[in-house]
1. Evaluate the following for residue 19: is it at pLDDT 70 or above, surrounded by 14 or more Cβ atoms within 10 Å (Cβ to Cβ) and of a type in the set (Val, Ile, Thr)?
2. When segment 108-154 is examined, which residues are found to be aliphatic (A, V, I, L, M) and more than 21 Å from the chain's Cα centre (by Cα)?
3. If you scan segment 73-104, which residues turn out to be at pLDDT 75 or above and of a type outside the set (Gly, Ala, Ser)?
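The values are calculated or read from the model by the stated rules, or taken from the named source; none is laboratory data. Because the structure is predicted, anything quoted here is derived from the model rather than measured. Here Cβ is always computed from backbone atoms with ideal geometry, including for glycine, and neighbour counts include all displayed protein chains.
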Amino acid sequence: MPRTRISGTFSSPKVDLIIDTGNPFLNLTVDGFLKIGCVAATKAAAEEAYYIVKRGSISHHKFEDSLKKMCKEGAYWVHIFISLTGTVAGVYVGLEYGVERIRGVRDWKNAMIGGALTGALISAASNKNKDKIVMDAIAGSAIATAAEFINHFT
């Protein structure tokens, strides 16, 4: 019996932009800022696409407004990232990099350990409940490890 097989792969577009500041810690921080800005701009583009489809047409003026909104949204998210989570991200990146240097290995375990230490440190700075500190360490570890795996496979 003859068989037909179709094979192929689906992959998302991937663009790598490398900015070398000469400092690995600063390189990772800048990379985080760029990624969060791109996420925000993509979110705004998806929302604008929805409204365009809903209206059924787009004018030159509406198109310019959409581009402006995307840029503003990206800048706003970067601002929020810097002001609210910049400190946490900086602590995490520094701890993960430190763990990598101490262990001498670059793998997902650095993210797990760095996330746990960051969660515990940030939690301990804001409360004294030991159970809450442990739970935040577990959450930080899980989030960082998941992000590492997602980043690795995309």
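1. Working: at pLDDT 70 or above: yes; surrounded by 14 or more Cβ atoms within 10 Å (Cβ to Cβ): no; of a type in the set (Val, Ile, Thr): yes.
Answer is no for this residue.
2. Those that are aliphatic (A, V, I, L, M) and more than 21 Å from the chain's Cα centre (by Cα): 124, 125, 133, 134, 135.
3. Of the residues in segment 73-104, the ones at pLDDT 75 or above are 88-104.
Hits for segment 73-104 are 88, 91, 92, 93, 95, 96, 97, 99, 100, 101, 102, 103.
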